[in-house]
Amino acid sequence: MNAASVARRRLLHGLAGSALGLAALPSVGAESSAVASRRAAVDRLLAGLRGLGITADDCSVAVEAVAGQHPSARVLDAVWHRPDASMNPASCVKVYTAWGAAVGLGLGHRFTTEIWGRDRSQPLDRQPLLVRGGGDPKLLVEDLEAWRDEILAARGPGAHGAARLGTAIAFDGRRYRVPPESPADFDRSPEKPYNVLPHACLMNFQSAALVRTGQGLGYLPPLPGVPLQDRVQWEPGCESRPSHSFSIVRLPGDAGLRVTGRWSAGCLEGDGRSTPLAYASPLTETESFNHRLLDGLWQARADGRGPGRAGDGIGPLRSVEELAAVCRQPLLRWRSGRSLTELLGDVLARSSNIISRHLFLELDADPGPNPQSPGRPATLAGAENRLHQLLRTAQIPHEQLRADNGAGLSRISRVSARELNALLRSPPPSMPWEEWRDAFAVWGETGSARRAPSIPGRVIRVKTGSLRDVRSLCGYIHPPSGRLVVFTLIVNHAKSSEARPHFWRFVQDLAAEDLAV
């Protein structure tokens, strides 16, 4: 191809791109065909969205192909559409949180939860206790049961009396300081677990399942002292995922919940077996929820062998300030067995909001050595500043980034498609590239992308995002040509919820490229 032909081809590409608000890096030969293929994918996407009433000004797209299989390799060509527009990315902002955690905390990071008391020589049921939260976002009921059994086993043979945990107890969440808000503030759905607010001493996601029991509707795990008014109408049927239409109302004061609506009965396979139907969260403030959760666990099997007995459970709830003054000796330390890599999968593939929020706050955590010197609490502003500092050090552009709470449950989060693509092309240096890539959802198979149509023979890893008026998608595609394609797509429009089929077609078009290198 002579110089005149190359210049003419570049001019035609530029004119075509200008007509649709697109731009592409210059390329020749087979690479030009690749650009044309990707440009056609963007054209088809914009045309499909236009049919929904979504204009080109409501979209932002970045598509880059690199030389080789690692995203940091040289960019061969790119297709853009409004790549520098400031857009709400919804949950795609979690890519920044995951990257920041991998770089700022390190893959060896483990969360710890501590119990402080007054006297190491005294049993745990004869002194006040302070549970000092270390920010573990995934301290689940299974962990608490194991923790309980370890405590009970430590009491020694024959010490199977009333296994009351503490004469009083407090839950220290001073590691984090977040602005006061209601879980209902974001979308008026306080019963949804994704709306649970960060707390450094969070337990079981501050959630309890509503399940069918032999007596009707109940909590799993049990929550003593949280009344449940069951007004459910059970419908016949045994389904693997029972259908339900329900309403959960928190009663005034501390009167628990009222549940009304219709459920299919589901399947019961013997006494004690139940089918989870919904979640109710948060039931109460975090400390009160923790108290009831642990109280139920201790009552359930106080001596490690069977049901509890009279007097079992935990001591009354007290303020952190009151017990921090007297609980001066460390008694127990629970270190999470979950690796940061596992938590990154929860953030990127399963899009967990509460885990994202905790990892984000951990970027600013500066705890003191003990409850008497709790240190400086982490804040959202401090975490965002730390994230920006890490991005500057790594020389990753982020001028338009507004991470807000690190989870994307926000109307003010912002980023540009070009900047998000730049981050995707700069995986954490301390983490193997394949490990980072595989923390994302597998297209058509896992996590938030499991409902997408399968594309056999392609390696596709993505992060999805959705809010009212927002849809986003970003990730990595290995087409047959061998080139790794990095892409970001963001739509901010009232009809964005209708755009999913066009997003799917866009990924299919990018993955269909079949060119020789």
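Things worth noting here:
- Criterion violated by ALA78 - all others in (1) open to solvent by less than 30 Å² (accessible area, probe 1.4 Å); (2) in contact (Cβ under 8 Å) with a residue 60 or more places away in the chain satisfied: (2)
- Scanning the range 210-239 for residues that are touching an Asp or Glu at 6+ places or on another chain (Cβ under 9 Å), open to solvent by 50 Å² or more (accessible area, probe 1.4 Å) and modelled with pLDDT under 80 yields GLY214, GLN215.
- Among (1) part of a loop (DSSP other than H, G, I, E, B); (2) touching a residue at least 60 places away in the same chain (Cβ under 8 Å); (3) open to solvent by 20 Å² or more (accessible area, probe 1.4 Å); (4) not basic (Lys, Arg) - the single one GLY457 does not satisfy: (2)
- Residues located in the range 64-91, provided they are more than 13 Å from ALA422 (Cβ to Cβ) and within 25 Å of the chain's Cα centre (by Cα): SER86, MET87, ASN88, PRO89, ALA90, SER91
- Close pairs from the range 96-120: first in contact (Cβ under 8 Å) with a residue 60 or more places away in the chain, partner open to solvent by 30 Å² or more (accessible area, probe 1.4 Å) and in a helix (DSSP H, G or I), Cβ under 8 Å, at least 6 apart: GLY100/ARG386; GLY104/ARG386; LEU107/THR341; ILE115/LEU124; GLY117/LEU124
- Strands (runs of 3 or more DSSP E) wholly inside the range 329-382 that include at least 3 residues being touching an Asp or Glu at 6+ places or on another chain (Cβ under 7 Å) and surrounded by fewer than 20 Cβ atoms within 10 Å (Cβ to Cβ): 329-335
- Given (1) open to solvent by 30 Å² or more (accessible area, probe 1.4 Å); (2) touching a residue at least 40 places away in the same chain (Cβ under 8 Å); (3) assigned to a strand (DSSP E or B); (4) not acidic (Asp, Glu), number of the condition GLY475 does not satisfy: (1)
- Filtering the range 28-45 to residues that are touching a Ser or Thr at 6+ places or on another chain (Cβ under 9 Å), of a type outside the set (Val, Ile, Thr) and either part of a loop (DSSP other than H, G, I, E, B) or surrounded by 22 or more Cβ atoms within 10 Å (Cβ to Cβ) (or both) leaves only ALA34.
- Residues within the range 96-110 that are open to solvent by 40 Å² or more (accessible area, probe 1.4 Å) and either within 19 Å of SER413 (Cβ to Cβ) or assigned to a helix (DSSP H, G or I) (or both), tallied: 1
- ALA494 being crowded, with 21+ Cβ neighbours inside 10 Å and either among the aliphatic types (A, V, I, L, M) or touching a Lys or Arg at 6+ places or on another chain (Cβ under 8 Å) (or both): no
- Scanning the range 402-418 for residues being open to solvent by 10 Å² or more (accessible area, probe 1.4 Å) and either in a loop (DSSP other than H, G, I, E, B) or more than 15 Å from GLY465 (Cβ to Cβ) (or both) gives a total of 6.
- Some residue of the range 117-135 being outside any loop (DSSP other than H, G, I, E, B), modelled with pLDDT of 95 or more, closer than 20 Å to PRO330 by Cβ and open to solvent by 20 Å² or more (accessible area, probe 1.4 Å): yes
- Residues in the range 292-319 that are hydrophobic (A, V, I, L, M, F, W, C) and either at pLDDT 85 or above or under 30 Å from the mean Cα position of the chain (by Cα) (or both): LEU293, LEU294, LEU297, TRP298, ILE314, LEU317.
The values are calculated or read from the model by the stated rules, or taken from the named source; none is laboratory data. In this text, all values refer to a predicted model and were calculated from it rather than measured experimentally. Neighbour counts are summed over all protein chains in view; Cβ atoms, including those assigned to glycine, are modelled from backbone coordinates with ideal geometry. The area values use the complete protein model at the heavy-atom level, side chains included, leaving out ligands, DNA and RNA. Shrake-Rupley method; radii C 1.70, N 1.55, O 1.52, S 1.80 Å.
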